[in-house]
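Colleague: Handing you this structure, nothing more for now.
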Amino acid sequence: MAVDLGGTIEVRTRYNGVTISEGGSGGPRCSWRQFSMGEYEDFHDISVVLNEPPLPDVPALPTAREPTAQELAEHDQAQEAYDLEVERRAEAARLEQLRRAQPTNIPWRQAGEVIPHAFYSVYCPGAAAEFVYVAIDTDATVLLDELEGLMRGRIPSPQPDVSPSVEAGGIVNLGMWLAIAPPVVPSRLTAEAGPRWVTMTAAHSVTSFEMGTGDVVVCDGSGDPIVDLDTVEASPVCGYTYRQPSPAGVGFVLSISSEWVLPWVSSSGSGVLSHTQTVAFDYDVDEVQTVGRG
């Protein structure tokens, strides 16, 4: 399901009733209402029967004569038992009303463990209302873990755009231009579970190039792709020059790390996570010999 609310938004229900939405401006998208225990039982046609004992009999006193002392004592004792039972039933009914008014707390067996769940109706724009169970202990931390795993899986691996290319290999004393192809930034994600929600975005920050010689070049953003293929000088902002060839038959290990920041905001706070994607290549560097004539 997709709707247009300031960007394409895809909403889907995931494990444990958590709703994930993609795109848009962030923040909760869906309307949630937690059922009370009474509403839950009525919705599922669950009958709760209170097995009440019969009310005590109260013997009637004679009207044609004066009751005896024993008759009065038995009547008073029976009336007291009757009044106590009526009072007890009234209290039981009051407690039952309170129980039915409480938010849902449904025991749910999950992976061999009984975990209390709440029952919600949830409405997301453009979709029909759904009814979902959400673990009561599902807080912003749980939602953040859910989003972090999703976002990490969507961050692309860096694709090298170095010059000379990985396929061609380098040349001693020939300046390199270090870059990666501009990465596709994943869409904003929001996770919701009842009144709790978390929104996470992703932004590419820096790219690190480990040259295989012990040298590391750290560049802002995606680096500096070459423009003039005839230049022999290294990029002044993201460049490197090998001063020795790679060992015979073995290239230098060129490791490229793309670093991302994952800012998040939730119904209870905010913060920033980080993620790094790394790829490595064999990079052959040859030495070109020049021959002079006398």
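Colleague: Lys/Arg Cβ at +1, Asp/Glu Cβ at -1, dipole of the chain taken about the Cα centre: which of 174, 132, 159 is farthest positive-ward?
Modeller: My answer, from the dipole projection, is 174.
Colleague: Here is a further query. Which shape class, rounded, prolate or oblate, goes with the chain when its Cα gyration tensor gives a ≥ b ≥ c as root eigenvalues, a/c under 1.5 marks rounded, and past that a/b bigger than b/c marks prolate?
Modeller: Numbers: a/c = 6.16, a/b = 4.34, b/c = 1.42.
Note, shape of the chain comes out prolate.
Colleague: Follow-up. Do the sum for the chain: with -39,500 (n - 2.57) for every DSSP H run of n ≥ 4, divided by all residues, what is the mean residue ellipticity at 222 nm, to the nearest 500 deg cm²/dmol? Please list the in-between numbers first.
Modeller: Numbers: 3 runs with 55 residues, N = 294.
Counting only the DSSP helices, I get -6500 deg cm²/dmol.
Colleague: Say the dipole of the range 181-294 comes from +1 at the beta carbon of Lys and Arg and -1 at that of Asp and Glu; which of 268, 250, 216 then lies farthest toward its positive end?
Modeller: 268
Colleague: Counting only C-alpha contacts under 8 Å and six or more residues apart, can you give the relative contact order of the range 132-209 as a whole percent? Could you put the intermediate results ahead of the total?
Modeller: Numbers: 82 pairs, mean separation 27.1, N = 78.
Worked out over the range 132-209, it gives 35 percent.
Colleague: At 1.4 Å probe radius, can you tell me the per residue accessible area of the chain in Å²? Walk me through the intermediate numbers first.
Modeller: Values: 16840 Å² over 294 residues.
For the chain, the per-residue accessible area is 57 Å².
Colleague: First select every other residue whose beta carbon is under 10 angstrom from the beta carbon of residue 56; then total the charges, Lys and Arg +1, Asp and Glu -1.
Modeller: Numbers: positive: none; negative: 57, 80, 83, 85.
Charge balance near residue 56 sits at -4.
Colleague: May I pose another question? Which whole-Hz couplings ³J(HN,Hα) result when phi for each residue of the range 255-272 is put into the Karplus expression 6.51 cos²θ - 1.76 cosθ + 1.60, θ = phi - 60°, listed in order with x for Gly and Pro?
Modeller: These are the phi-based 3J(HN,Hα) values: 10, 10, 10, 9, 9, 10, 10, 10, x, 9, 9, 9, 5, 10, x, 7, x, 9 Hz.
Colleague: Related question: For 106, 226, 46, write out the residues from largest to smallest accessible area, computed with a 1.4 angstrom probe and no ligands counted.
Modeller: Result of the area sort, largest leading: 46, 226, 106.
Colleague: Once fully extended, how much extra length lies between residue 167 and residue 185, figured as 0.36 nm per residue of separation less the alpha-carbon to alpha-carbon distance?
Modeller: Details: separation 18, 0.36 × 18 = 6.48 nm, distance 2.64 nm.
That works out to 3.8 nm of additional length.
Colleague: Next question, about the same structure. About its Cα centre, what dipole magnitude does the chain give when the only charges are +1 on Lys and Arg Cβ and -1 on Asp and Glu Cβ, stated in debye to the nearest 20?
Modeller: Details: 17 positive and 41 negative charges, 138 e Å.
Its charge dipole is roughly 660 debye.
Colleague: I've got another one for you. With labels modelled as points extended 7 Å from the Cα through the Cβ direction, what inter-label distance (nm, one decimal) is found for residue 84 paired with residue 109?
Modeller: Inter-label distance under the simple model: 4.1 nm.
Colleague: Normalised by the number of residues in the chain, what is the relative contact order in percent for Cα pairs under 8 Å and 6+ residues apart?
Modeller: Working: 569 pairs, mean separation 52.7, N = 294.
Computed over the chain, the figure is 18 percent.
Colleague: For the chain, which whole-number percentage of the solvent-accessible area (1.4 Å probe, protein heavy atoms only) is attributable to carbon and sulfur atoms?
Modeller: Numbers: 8880 of 16840 Å².
Carbon plus sulfur share of accessible area: 53 percent.
Colleague: Once the Cβ-Cβ distance between residue 261 and residue 36 is put in as r, and R0 is 41 Å, what FRET efficiency do you end up with, to the nearest 0.05? Don't jump to the answer; show the numbers that get you there.
Modeller: On the way: r = 42 Å, r/R0 = 1.03.
So the FRET efficiency works out to roughly 0.45.
Colleague: Right, here's the next one. Tell me, what ³J(HN,Hα) does each residue in the range 235-241 have, in order and in whole Hz, if you take phi through Karplus 6.51 cos²θ - 1.76 cosθ + 1.60 with θ = phi - 60° and put x for Gly and Pro?
Modeller: Once θ is set to phi - 60°, the couplings for the range 235-241 become 4, x, 10, 8, x, 7, 10 Hz.
Colleague: Under a plain spin-label model, where a point goes 7 Å from the Cα along Cα-to-Cβ, how far apart in nm are residue 96 and residue 215?
Modeller: 8.3
Colleague: In nanometres, what is the gap between the two model label sites at residue 49 and residue 64, each 7 Å from Cα along Cα-to-Cβ?
Modeller: Using points 7 Å along Cα→Cβ, the separation is 4.3 nm.
The values are calculated or read from the model by the stated rules, or taken from the named source; none is laboratory data. Remember, it's a predicted structure, so these values are computed and weren't measured experimentally. As a convention, Cβ positions derive from the backbone with ideal geometry for all residues, glycine included, and neighbour counts pool all protein chains shown. All accessible areas refer to the heavy atoms of the entire protein, side chains included, with ligands and DNA or RNA removed. Shrake-Rupley method; radii C 1.70, N 1.55, O 1.52, S 1.80 Å.
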